[in-house]
Every structure is written in structure tokens, then in C-alpha cells.
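Okay, so here's the structure we're looking at.
Values in this text are rule-based calculations from the coordinates and carry no lab data. Since we're looking at a predicted model, the values are computed, not measured. With ideal geometry, Cβ positions are generated from the backbone for all residues, glycine too; neighbour counts draw on all protein chains shown.
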Amino acid sequence: MDGNGRWATKRKLPRSAGHKQGITTAKKIIKEAISLQIPWLTLYVFSTENWNRTQKEVGFLMKLLISHMKNEASFYSENDIRVKHTGNMPGLPLDVQQEINKSILNTKKNKAITVNLAINYGGQNEIVRGVNKWVADKNRSTNIITEDILRLYLDNYDMPDPDLIIRSAGDQRSSNFLLWQSAYSEYFYSEKLWPDFTESDLRKAIESFKQRNRKYGGLK
């Protein structure tokens, strides 16, 4: 969800205003995804690299996460949204961890859509953590790791691989997002900054996806 800071800067507003507007956009897109009967949606909220931003901005983002989890409980409930998390949970402040876990627990029976929040997430970090979990597992059945085995040690092994990855704000790179899971994902790039992204933009991305010929390395 790129472009929050640039959106604010263009309007001569503090970057924090862009992040707040980004949440409003995310809620609209979640509701549109529900109307389109999309069962899984992952939002790249905060990456392992985002810690390199200024202490002021990082502190604001952590506070924004906490307030969002608290204030949007009714939004998740009213729209039947199940919340999951992917990322290095122990690397987050304790109060952020608590609010994320509370949202996961309170929404676990919701069924309209699963919204997976990638917070303190990096694809390389996830793979390294997965390998370390496998190494530490004294009950593992084999000392030879395979793709199928490693998948079981990733953050959400039961989550389907993404069919489509949408990137806003014109950048055309993966930025360490779901590196393992996106091996055969389709990409859609939008020039729009995330706060300007609309429901019609999501539908446009879906229509583009429908025209793709997904061969998975074969000759389909």
C-alpha cells in the first residue's frame, strides 16, 4: 500500500496524515473485496525494512496500529472479517502484539473474508525464521528439507498463495513481499498513490487478472 507519505507531502500535510488516510482506503478496499467474494486479502502494513524510517514516524505508526486495532473492532465484526497476522511478531512492541492477538482471537469465527495483516514482515525474514523453526523442531521426521516441508514452517502455511499482487504508487518491485508464496503470482501496477486508490481501481485490477494466461511454467 505505497504512497501514503507522498500523498501527504503533495498536499503539504504531515506524513502521518497520509498514513491515516491510508487506513480509510484500506477499509474501503476490504469492503469491496467482500462484495467481489474474494476470500483472502493480505495488506502489507509494515515491513521489516520500515524500522529504518525516522524514530518519529515509526513511533507514530506503532501508535496508529494500536488505535486501529482498538477502534476498528466493530468494523471487523459488522463486516464478518477474520483477522490473521504474518510477520515477526516477537519483534513488535508488546502492546502492539497484544492488540493484534486480541483482534485475531475476537474475529476467528468470522467468515466473509480473511484479512491477513503483514506487520513487521519481510519475505526473506519469513523464510529464515521458517528454516530456524524446522531446525529447532526435535520432532521433525526427516533431516532433509523439501519445499513441502518448509512451507509448513512459514507464518501461515494454510493460507493460499496469492493469485494477484497489486502495487500502488507506480513502483514495480516486490519489496520483499511474500517471496515464497508469490512464485507464480500475477502483478498489477497502479500509478495511483494508495490513499487515492478506489474500489473501481480494485475492479480494474481484477479485470486485468482475468485476461492473464497462467501457465505455471507449462504450456497451458
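With the cut-off at 32 Å, tell me which of the pairs 70/138; 28/109; 10/70 have Cα atoms farther apart than that. Beyond 32 Å: 70/138. Per the Debye calculation on the range 4-210 with a single equal scatterer at every Cα and no solvent contribution, log₁₀ I(q)/I(0) for q = 0.07, 0.08, 0.10, 0.11 Å⁻¹ amounts to -0.22, -0.29, -0.45, -0.55. What's the FRET efficiency of residue 215 with residue 161 using the Cβ-Cβ distance as r and R₀ = 25 Å, to the nearest 0.05? Efficiency, from the Cβ-Cβ distance: 0.95.
Comparing 113, 30, 206 in a Gaussian network model of the chain, where Cα atoms under 10 Å apart are tied by springs, the biggest mean-square fluctuation is seen for 206. For the chain, modelled as a GNM whose springs connect Cα atoms under 10 angstrom apart, the maximal fluctuation among 139, 101, 116 occurs at 139. Would you kindly derive the ³J(HN,Hα) couplings of the range 42-49 from the backbone phi angles with the Karplus curve 6.51 cos²θ - 1.76 cosθ + 1.60 (θ = phi - 60°), listing them in order in whole Hz, with x for Gly and Pro? So the Karplus estimates, Gly and Pro as x, are 9, 10, 7, 8, 8, 8, 5, 7 Hz. When the Cα positions of 176, 122, 166 are compared along the charge dipole of the range 79-177, 122 comes out farthest toward the positive end, with charges on each C-beta of Lys, Arg, Asp and Glu. When only alpha carbons are used to place a centre, the range 17-66 and the range 164-212 end up 15 Å from one another. Entry note, the chain: relative contact order of 25 percent, from Cα contacts under 8 Å with a spacing of 6+ residues. Here the chain is scanned for chymotrypsin sites (Phe, Trp or Tyr not before Pro) in DSSP loops (not H, G, I, E, B) that have at most 16 other Cβ atoms within 10 Å, and the longest stretch holding none of them is 1-156. Each of residue 143 and residue 67 was given a label point 7 Å from its Cα along the Cα-to-Cβ line. The distance between the two points is 5.4 nm. Our summary gives the range 1-128 a relative contact order of 32 percent, counting only alpha carbon pairs under 8 angstrom and 6 or more residues apart.
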